[in-house]
Amino acid sequence: MRRTGNADDPLWYKDAIIYELPVKSFCDGNEDGVGDFQGLHEKLDYLQNLGVTCLWLLPFFPSPLKDDGYDIADYVNVHPSYGTLDDFKKFLQAAHERGLQVVIELVLNHTSDQHPWFQRARSAPPGSPERDYYVWSDTDQLYQQARIIFVDAERSNWTWDPVAQAYYWHRFFQHQPDLNYDNPAVVREMLAVLDFWLDLGVDGFRIDAVPYLVERDNTSCENLPETHAIMKAIRAHIDARAPGRMLLAEANQLPADVRAYFGDGDQCHMAYHFPVMPRIFMALHLEDRQPITDVMEQTPPIPDSCQWALFLRNHDELTLEMVTDDERDYMYLAYSMDPQARLNLGIRRRLAPLVGNSRPRIELLVGLLFSFPGTPIIYYGDEIGMGDNLYLGDRNGVRTPMQWTGDRNAGFSRADPARLYSPVVMDPVYGYPAVNVEAQESDAASLLYWMRNMIRLRKLFKVFGRGTMEFLSPANRKVLAYLRRYREGVILCVANLSRTVQPAELDLSAFAGLTPVEMLGYTEFPTIGTLPYFLTLGPYGFYWFELERSGS
Amino acid sequence: MASTGSNSSVQGADVPASRADIVVALTSHNDVRTIGAVARALRDGLARYFASSAVRFVLADAGSTDGTREAAREAVGPSALMEVEYERGAEELGKLPYHGHPGRAAALRAILQTAQGLGAGACAVIDAGLHTVEPAWIERLIVPVLTDKFDYVSPYYVRHANEGAITKSIVYPMFRALYGVRLRQPAASEFGCSGRLVAHYLEQDFWDVEQAAAGIDLWLAVAAACGEFRTCEAVLGARVAATRGTPVDLSTILAQVVGALFTDLEHRVDVWQRVRGSAAIPIFGTVPGIGPEAPPLNVDGLMESFRLGYRELREIWTWVLPPRTIVELRKLTETVPNRFRFDDRLWASIMYDFVLGYSLRVMPRDHLLRSLTPLYAGWLASFVLQMGSATLAQIEERVEQVCLGFESEKRYLISRWRWPERLR
């Protein structure tokens with residue numbers, strides 16, 4: 001095969017465009033109201049045509065589903081609602097045949113309280129190997145410096161278990177007890193889980209909640225050296241057994257702390273850049289580039305083999321954990337006047353509603369996402385501008401069924417609407433009659449077409465995934481301008497963060513004699529001279545230019 | 001892949017049997033009528049030009065049943081011939097590529113692997129089904145590699161206006177515009193290459209691609225053009241091939257050749273979107289005059305095919321061709337024969353629009369490619385009407401203009417590729 005799922009290039013993730021989807025929300029193949037692998041398999045052509053190169057599947061393992069599958073009860077099987085292991089294998093093969101890589105979740109930190117390991121542990125005598133799979137204490141006063149993450153739902157990281165007659169540790173919901181990584185047997189178990197999926201051919205793992213693996217008293221219990229040692233061991237295991245597979249760390253931390261999860265290129269291949277995302281939205285609302293330039297300048301360099309994962313929206317709330325209190329207040333006022341939209345320390349909205357369903361703003365944000373240094377992640381449905389449902393609990397409002405058509409159940413399922421795992425979005429602006437794939441397929445001016453073209457264009461230039469970035473400093477702060485360089489190539493990106501036309505004078509004297517060629521239309525602009533280069537940008541306009549030798 | 005037969009040198013150089021300076025490879029499929037003469041011509045050429053070199057003959061035969069292998073052994077001596085076996089693929093047996101050589105990609109791969117295994121500094125590949133091979137071909141294909149350090153030697157064949165017309169109209173102009181190398185016959189079955197290029201070829205990932213059987217020769221030329229390799233042409237005179245089995249119809253040939261070109265360019269976007277203009281390459285040998293007898297061609301039939309295609313396929317074309325092109329085509333259908341001219345830039349833009357439609361899969365790819373046939377017929381009619389009694393130089397000049405049309409319209413292809421606009 002010319003291109004296989006397991007790409008020959010070990011750095012394939014640097015050029016990837018990742019599409020995040022919950023299997024349950026994408027397509028229901030067996031008409032039971034819940035999305036499944038059969039349905040996802042049927043939609044692979046859609047994903048291939050969209051142009052994404054990698055699928056990131058949210059947890060699909062057997063689970064009580066109290067945290068949408070992040071409470072796993074069996075790591076090496078498929079939840080019956082989503083199909084069988086055989087269905088997964090068929091899907092994986094079909095994805096690889098289409099050149100799509102597949103990344104799955106690896107929830108290392110905790111299990112469901114229904115997992116056999118926990119059921120066994122709570123009944124096992126204290127100090128026994130079975131008991132030691134989890135973190136127990138006779139008191140709930142240990143690790144008091146560890147913050148509570150789900151502040152809206154939990155009051156403590158300890159919960160009393162009447163069966164064990166002890167407290168157990170959990171950084172998330174109380175039904176998600178943390179595994180004890182001080183126990184080598186737990187590490188061995190998890191490596192066996194990795195091997196199971198590696199042998200099936202998955203291309204990578206998204207490591208959930210990675211900073212919290214190990215606990216120590218008088219610390220925040222986050223980012224501890226022992227946690228990094230675990231990650232190194234996992235990476236070494238993967239490199240030895242299945243080179244070329246990728247680890248993506250979910251570490252909602254400041255860039256300097258996240259940096260540690262790359263190690264010396266010997267821990268995770270990728271990690272999310274959490275802080276940049278809210279600041280992109282902030283810059284857009286402020287019409288000022290400073291939040292973006294500040295956070296990017298605070299971002300430390302990472303090893304050559306590593307990569308940032310960038311996103312605008314995902315399955316969780318728009319997290320505001322990594323911003324200052326003032327910034328958080330601003331974001332709440334700017335983007336969630338409706339208190340229903342707030343959850344924990346974040347805003348539970350999709351991309352389109354966040355920006356008032358403004359197509360120019362969506363396009364600008366995607367333009368930034370695609371041109372910043374890293375691998376972009378697109379959340380399912382955002383390519384058609386899907387909306388959300390604030391009246392569904394927790395983060396379920398952004399996990400509604402994919403809107404395929406204007407037909408019953410948005411074409412997601414042929415089941416009785418009452419059987420759907422979640423109601424489809426039906427409001428007049430974002431509801432499935434107005435926003436769906438079928439309609440946008442037949443409209444060459446639709447957001448879906450625009451996204452396809454952008455993805456296609458972005459894939460043409462390795463500089464976006466692999467190049468360096470440096471900001472220019474035009475006097476007009478409503479304009480964000482930066483250079484991306486990779487090998488001989490130089491790309492100039494210019495974006496207008498404001499709702500009105502803006503001028504920009506760029507100091508491009510270092511490139512005098514080169515000609516900017518606008519990349520979307522392949523249009524030559526005037527050759528750069530020694531004077532400031534003048535551009536006019538329309539509202540929320542952005543341009544990408546290749547700087548080429550004149551007449552070359 | 002396995003090798004059988006002796007590794008002994010054709011000529012008397014005293015080197016280990018596991019080594020060779022030069023590999024001369026034949027690809028064959030039921031070529032008993034020609035392979036003996038071909039092999040003898042090559043053997044004579046080796047004796048004349050490379051008497052002191054260690055040479056191996058390699059035969060990659062696609063399961064001939066007419067005694068081709070035996071004829072080859074008889075011609076070069078059974079002990080001098082290495083016969084390589086390779087998988088031809090069951091599906092290909094029922095779907096013969098236009099050149100009549102099933103499993104050609106696997107054959108070439110086996111040859112190149114053998115050449116690499118022997119440590120050959122130069123390798124020449126020749127189709128055993130030719131009537132026109134001469135001893136001088138050996139010199140032309142090998143000397144540029146061994147003496148002048150070229151990596152890829154492409155044949156320059158002398159052809160009438162209506163010979164090799166798919167190459168003249170599509171493959172050469174598009175290859176040249178995309179990759180910047182003025183290589184006139186990039187899909188030829190014959191070529192010479194260096195050991196360095198052999199290694200590069202074997203690292204390519206196209207060998208097992210579905211269209212490889214028909215497209216491999218072109219893809220090898222593209223791989224050479226896209227890498228840091230020195231490329232040249234060698235004048236080989238005329239190329240007359242024996243017919244293998246039932247001739248393949250024009251529509252299928254177009255679909256196979258153009259499909260191979262389009263498929264490959266999708267994987268080399270990062271190269272061709274950065275290439276500007278094109279460069280001439282050295283040519284070895286003197287270009288002779290063209291023979292007086294051009295094969296007959298029914299120009300009226302071609303024009304009628306074009307007009308019929310416009311009536312019947314216009315609806316399909318509107319999926320890939322913009323309205324202004326459709327209007328231009330309509331005007332052409334109404335043009336009298338003595339003024340019937342296919343504008344070069346119009347032709348180039350049509351081909352580029354088809355490239356884009358193919359890439360975007362606006363319809364089943366085979367349907368799209370076959371719908372090209374009447375357009376090609378129209379172009380060929382126009383070309384022959386202009387070039388009917390032209391000299392080779394005049395034909396070359398005209399093809400040059402076609403190529404310049406493709407080069408000047410390349411900007412159109414890039415802009416449309418980067419931001420495709422759906423027409424339907």
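To keep it simple, each residue is scored yes or no on (1) among the charged types (D, E, K, R); (2) modelled with pLDDT under 95; (3) open to solvent by less than 30 Å² (accessible area, probe 1.4 Å).
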| position | (1), (2), (3) |
| --- | --- |
| A:A185 | no, no, yes |
| A:M190 | no, no, yes |
| A:R206 | yes, no, yes |
| A:N223 | no, yes, no |
| A:R235 | yes, no, yes |
| A:R245 | yes, no, no |
| A:P255 | no, yes, yes |
| A:H269 | no, no, yes |
| A:H273 | no, yes, yes |
Exercise. Residue check: is B:G100 surrounded by fewer than 24 Cβ atoms within 10 Å (Cβ to Cβ) and within 16 Å of the chain's Cα centre (by Cα)?
Worked result: yes
| said: Here is a check on your reading of the model: is B:V336 at pLDDT below 95, open to solvent by 30 Å² or more (accessible area, probe 1.4 Å) and in contact with a Leu (Cβ under 8 Å, 6 or more places away or on another chain)? | reply: no
Considering region A:448-488, residues that are part of a strand (DSSP E or B) and touching an Asp or Glu at 6+ places or on another chain (Cβ under 7 Å), and then whichever is nearest to the other protein chains (Cβ to nearest Cβ), we arrive at A:L483
When every residue in region A:527-552 that is surrounded by fewer than 16 Cβ atoms within 10 Å (Cβ to Cβ) and polar (S, T, N, Q) is compared, the one nearest to the other protein chains (Cβ to nearest Cβ) is A:S552
When (1) open to solvent by 40 Å² or more (accessible area, probe 1.4 Å); (2) over 26 Å from the mean Cα position of the chain (by Cα); (3) within 12 Å of chain B (Cβ to nearest Cβ) are applied to A:T515, the one that fails is (1)
Scanning region A:407-456 residue by residue, those basic (K, R) and either open to solvent by 70 Å² or more (accessible area, probe 1.4 Å) or over 22 Å from A:N49 (Cβ atoms) (or both) turn out to be A:R408, A:R414, A:R419
Taking region A:38-65 and keeping only residues that are under 21 Å from the mean Cα position of the chain (by Cα), more than 14 Å from chain B (Cβ to nearest Cβ) and farther than 16 Å from A:V103 by Cα, one is left with A:K43, A:L65
Take B:D366 and tell me if it is in contact with a helix residue (DSSP H, G or I) (Cβ under 7 Å, 6 or more places away or on another chain) and away from chain A (no Cβ under 14 Å).
yes
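Pick out, from region B:266-354, the helices (runs of 4 or more DSSP H) lying fully within it that include 1 or more residues that are more than 14 Å from chain A (Cβ to nearest Cβ).
B:299-317, B:323-333
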Does B:D344 satisfy the criteria of being open to solvent by less than 10 Å² (accessible area, probe 1.4 Å), closer than 30 Å to B:R268 by Cα and touching a residue at least 60 places away in the same chain (Cβ under 8 Å)? no
When A:S358 is run through (1) touching a helix residue (DSSP H, G or I) at 6+ places or on another chain (Cβ under 7 Å); (2) of a type in the set (S, T, Y); (3) more than 16 Å from A:F311 (Cα to Cα), the failure sits at (1)
Of the residues in region B:377-424 that are hydroxyl-bearing (S, T, Y) and open to solvent by 10 Å² or more (accessible area, probe 1.4 Å), the one that is nearest to B:L297 (Cα to Cα) is B:S389
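Where in region A:13-59 are the helices (runs of 4 or more DSSP H), entirely inside, with at least 1 residues that are crowded, with 23+ Cβ neighbours inside 10 Å?
Answer list for region A:13-59: A:23-26, A:37-42.
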For strands (runs of 3 or more DSSP E) lying entirely in region B:10-104, having 1 or more residues that are at pLDDT 80 or above and within 17 Å of B:P135 (Cβ to Cβ) picks out B:22-28, B:55-61
Scanning region A:78-111 for residues that are assigned to a loop (DSSP other than H, G, I, E, B) and open to solvent by less than 30 Å² (accessible area, probe 1.4 Å) gives A:V78, A:H79, A:G83, A:G99, A:L100, A:V107, A:L108, A:N109, A:T111
* Could you tell me whether region A:15-29 includes any residue that is under 29 Å from A:N252 (Cβ atoms), within 17 Å of the chain's Cα centre (by Cα) and modelled with pLDDT under 95? => no
Within region A:480-506, restricting to residues that are open to solvent by 10 Å² or more (accessible area, probe 1.4 Å), of a type in the set (K, R) and modelled with pLDDT of 95 or more, the one that is nearest to A:W544 (Cα to Cα) is A:R485
Q.
Condition check: β-branched (V, I, T), out of contact with any strand residue (DSSP E or B) (no Cβ under 6 Å at 6 or more places or on another chain) and assigned to a loop (DSSP other than H, G, I, E, B). Does A:T219 satisfy that?
A. yes
Of (1) in contact (Cβ under 8 Å) with a residue 40 or more places away in the chain; (2) open to solvent by less than 70 Å² (accessible area, probe 1.4 Å); (3) closer than 30 Å to A:E321 by Cα, A:R147 fails just (2)
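Take region A:507-528 and flag every residue that is in a loop (DSSP other than H, G, I, E, B) and at pLDDT 95 or above.
Passing the criteria: A:D507, A:L508, A:A512, A:G513, A:F525, A:P526, A:T527, A:I528.
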Checking A:G367, A:G393, A:G411, A:G406 in turn, the sole residue that is in contact with a strand residue (DSSP E or B) (Cβ under 6 Å, 6 or more places away or on another chain), of a type in the set (G, A, S) and over 17 Å from A:E20 (Cα atoms) turns out to be A:G367
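Kindly evaluate B:I290 against the criterion of being buried (at least 18 other Cβ atoms within 10 Å of the Cβ), closer than 24 Å to B:Q185 by Cα, modelled with pLDDT of 95 or more and of a type in the set (V, I, T). Quick ask: steps written out before the conclusion?
Working: buried (at least 18 other Cβ atoms within 10 Å of the Cβ): yes; closer than 24 Å to B:Q185 by Cα: yes; modelled with pLDDT of 95 or more: no; of a type in the set (V, I, T): yes.
In short, no.
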Residue set A:P401, A:P373; condition assigned to a loop (DSSP other than H, G, I, E, B), in contact with a strand residue (DSSP E or B) (Cβ under 7 Å, 6 or more places away or on another chain) and touching a residue at least 24 places away in the same chain (Cβ under 8 Å); output residue A:P373
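Output the residues belonging to region B:122-140 that are aliphatic (A, V, I, L, M) and under 18 Å from B:A37 (Cα atoms). Explain how you work it out, then say what you get.
To start, the set of residues in region B:122-140 that are aliphatic (A, V, I, L, M) comprises B:122, B:124-126, B:128, B:130, B:133, B:136, B:138.
Hits for region B:122-140 are B:A124, B:V125, B:I126, B:A128, B:L130, B:V133, B:A136, B:I138.
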Worksheet item: Is it the case that some residue within region B:264-279 is out of contact with any helix residue (DSSP H, G or I) (no Cβ under 8 Å at 6 or more places or on another chain), open to solvent by less than 60 Å² (accessible area, probe 1.4 Å), assigned by TED's automatic domain parsing to the domain that holds B:I35 and touching a residue at least 12 places away in the same chain (Cβ under 8 Å)?
Response: yes
Per the filter on region A:433-447, residues of a type in the set (A, V, I, L, M, F, W, C) and part of a loop (DSSP other than H, G, I, E, B) are A:A434, A:V435, A:A444, A:A445
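The values are calculated or read from the model by the stated rules, or taken from the named source; none is laboratory data. Predicted model, so just to flag it, every value in this text is computed and none were measured. Backbone-built Cβ (ideal geometry, glycine too); neighbour counts: all protein chains shown. Side chains included, ligands, DNA and RNA excluded: accessible areas come from the protein's heavy atoms. Shrake-Rupley method; radii C 1.70, N 1.55, O 1.52, S 1.80 Å.
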